[in-house]
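Novice: Have a look at the structure that comes next, please.
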Amino acid sequence: MHATSMLRSVYASQGRLDDALRMSKKVLRVLRRVFGDQHVDVADALDCVGQAFSRKGELDRAMEKYVEAHEMYVCLYGDAHDRVAGVLNNMAIVFGQCSLLACGLQGRIGGRARGGGAAEKGQGHPRQEWVRAQV
């Protein structure tokens, strides 16, 4: 598994982003099979897949992985942990890289786009309050 993770890093450093994403997903699949869905290595792998999507510019998919990793980290460690802070930082980077509407995230923050404008979609989404509290 370590070799696959290293290969992912080499691909990313070479700009071979599709290969890096493929390796990241492979690591995640294996770790989920071995450890299940509530293990720190799985959360770390989700964060890596999110980073790979982010590098490719697939910011909505990156955010999905970051949200999943965040939920897992909080379940494992609580809110006050460096891994929780790290994934929140990655989420903030994604917010900074795109408009909320372009990423389809308006429903996750109460239907409000950057600048406070209301959006029609997303009202009543179950994660509204959670994301609003994190941002």
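Novice: Can you return the aspartates and glutamates within cross-link range of residue 56? Criterion is Cα-Cα under 16 Å, with same-chain partners fewer than 8 residues away left out.
Specialist: By straight Cα distance, residue 56 reaches 18, 19, 47, 64.
Novice: Checking a compactness column here: for the range 4-102, what do you get for Rg(Cα) / (2.2 N^0.38 Å), N being the number of residues?
Specialist: Dividing the Cα Rg of the range 4-102 by 2.2 N^0.38 Å gives 1.04.
Novice: Further, regarding this structure: Enumerate the calculated ³J(HN,Hα) couplings along the range 10-23 in order (Karplus 6.51 cos²θ - 1.76 cosθ + 1.60, θ = phi - 60°), each rounded to whole Hz, writing x wherever the residue is Gly or Pro.
Specialist: After applying 6.51 cos²θ - 1.76 cosθ + 1.60, I find 5, 4, 4, 5, 8, x, 8, 5, 5, 5, 4, 5, 4, 5 Hz.
Bear in mind these aren't lab numbers, they're just calculated from the coordinates by the rules spelled out. Computed from a prediction, not measured in an experiment: that's the story for all the values here.
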